[in-house]
Amino acid sequence: MGLLLGKQIASRGGWEVIWMECLQIESLVPELNPKAGQSHPIMIVASDQQKYFLKRQMVRFENKKNNAAIWINENAVFFQESLVSQIARRLKIPTPETAIIHIDKLTLKAMTELQFKYHISEGYYFATKMISDNDSDVTRLANNLLLERKAKIPYAANQWNALMKKIINTDDIPKIIGLDLFTLNYDRFSNIGNVLLQKAGINRYLIAIDFGHCFASPCWADPNSPADYTKKLEILHQNLIDFSKPIEVRMLAHNIVFQYNVLEGNNRIYLGLIFDSLVKLLDFTAGNPFTDIVDAIESISDPELVAMLQATPDEWIITPGTQQQEYKEFLLRQRFMVRPIINELADAKQFPTIHGREELSWPTELNTNIQ
Ligand SMILES: Nc1ncnc2c1ncn2[C@@H]1O[C@H](COP(=O)(O)OP(=O)(O)O)[C@@H](O)[C@H]1O
Ligand SMILES: [Mg+2]
């Protein structure tokens, strides 16, 4: 961790990796802890006097039968947050600034609730800088909308749509969707907690947060058996296909879309309220809004991913060497799955005004550099 003193910019062959700042906790702000989310990040003031949300990998679940607490070590959360927030930055996707928070013995001694209330032990934690002026109507109106189906709340859909129409950075919507397909993030399209709408006067600025559940799960190793990462490998190896065979590419894209489907027992594909609401804001009549982001994702290089992985603290890696290699190889292959998945989504009529892949135009020069 010696390198992580302050913000350093490592320039490796023309691009820049911004190392995360390593900070300590100055105080806790429990009254601002979020209610939403599963891991319940805690709000802190860090040694730079800024407010951060500190994430935890030990997540509390409840045994429904006897209400007993079960703690699960979601052991890939910090690693995935670090890697994907760097990819997001590379793709110019709005996401909070990140930091590493070092919690040492002295901090634990001075703030006893860290250990006793939040089950935090010594080590390095991932944190994101607080986005202020975050519109809390997102949760309220989305909940109204979900209740509407049962309780018939008048205007719920109108209010939700009016909120969505306030989003000004609609150019970022295809980017966020592209990133989520690239990193197999199944935790945004149907989860209202993983986008923020920052107030900008009467407008709203869409920000993507929470990459902890990317790559289809928050774990690298089985939480009960740290040497066993076979489940994750199965996920990361799903795209070990022959990219010169269109049928293989199409079958995988189809399967991935199917994984995103949250409607059960129905022939219709539905990716969730967030996906549905965001794509409604895209204008397909002016061309394919995904061409630029697909181009950008396809151009991410092997050395760039290596540099991003090197900027991730060793403490967050369980199987050194293999773990970085497997994520890197997955991403290098997955670059060329984003376009086929978007085509599949077009066939599944997930985009307004588009009735199938033939209506989505792609510049021909894209996707010619499959390795
Ligand atoms: N940087 C941030 N700025 C503002 N609010 C945040 C930020 N990070 C998290 N939150 C709030 O905390 C909630 C949970 O955080 P998240 O990163 O999604 O963790 P998890 O879902 O694993 O519990 C979010 O839904 C949001 O309300
Ligand atoms: Mg979340």
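The values are calculated or read from the model by the stated rules, or taken from the named source; none is laboratory data. Remember, predicted model here, so these are calculated numbers, not experimental data. Neighbour counts are summed over all protein chains in view; Cβ atoms, including those assigned to glycine, are modelled from backbone coordinates with ideal geometry. Areas reflect the complete protein model, heavy atoms only, side chains present, ligands, DNA and RNA absent. Shrake-Rupley method; radii C 1.70, N 1.55, O 1.52, S 1.80 Å.
If R0 is 25 Å, the Cβ-Cβ spacing of Arg250 and Thr230 corresponds to a FRET efficiency of close to 0.40.
With the simple spin-label model, which puts each label point 7 Å out from Cα in the Cβ direction, the Phe243 to Asn203 separation comes to 3.6 nm. Based on the Kirkwood approach, the hydrodynamic radius assigned to the chain is 21.9 Å, with every pair of different Cα atoms included.
Given a 1.4 Å probe and the protein chains as shown, Val306 ends up with an accessible area of around 50 Å². A Förster radius of 51 Å combined with the Cβ-Cβ distance from Glu359 to Glu26 puts the calculated FRET efficiency at roughly 0.40.
The modelled label-to-label distance for the pair Val306/Phe61, using points 7 Å beyond Cα in the direction of Cβ, is 3.8 nm. Taken over the stretch 137-359, lysine pairs spaced eight or more positions apart, or on distinct chains, with alpha carbons under 19 Å apart number 10. Rounded to the nearest angstrom and listed largest first, the equivalent-ellipsoid semi-axes of the stretch 182-264 from its Cα gyration tensor are 29, 20, 11.
Normalising by residue count, the stretch 260-338 has a Cα convex hull of 167 Å³ per residue. Please report the net charge: other residues with Cβ closer than 12 Å to the Cβ of Ile269, K and R +1, D and E -1. Every neighbour counted, the sum reads -2. Whole-percent P(r), the stretch 94-138, all Cα pairs, 10 Å bins from 0: 23, 37, 28, 11. Only helices enter this figure: runs of n ≥ 4 DSSP H residues, each worth -39500 (n - 2.57), summed and divided by the residues of the chain, yield -10500 deg cm²/dmol at 222 nm to the nearest 500.
Within the shell of other residues whose beta carbon sits under 11 angstrom from the beta carbon of Pro223, the net charge comes to -2, with Lys and Arg scored +1 and Asp and Glu -1.
The slack in the chain from Asn143 to His40, taken as 0.36 nm per residue of separation less the alpha-carbon distance, amounts to 35.2 nm. Its Kirkwood hydrodynamic radius, worked out from the mean inverse distance over all distinct Cα pairs, puts the stretch 34-168 at 17.7 Å.
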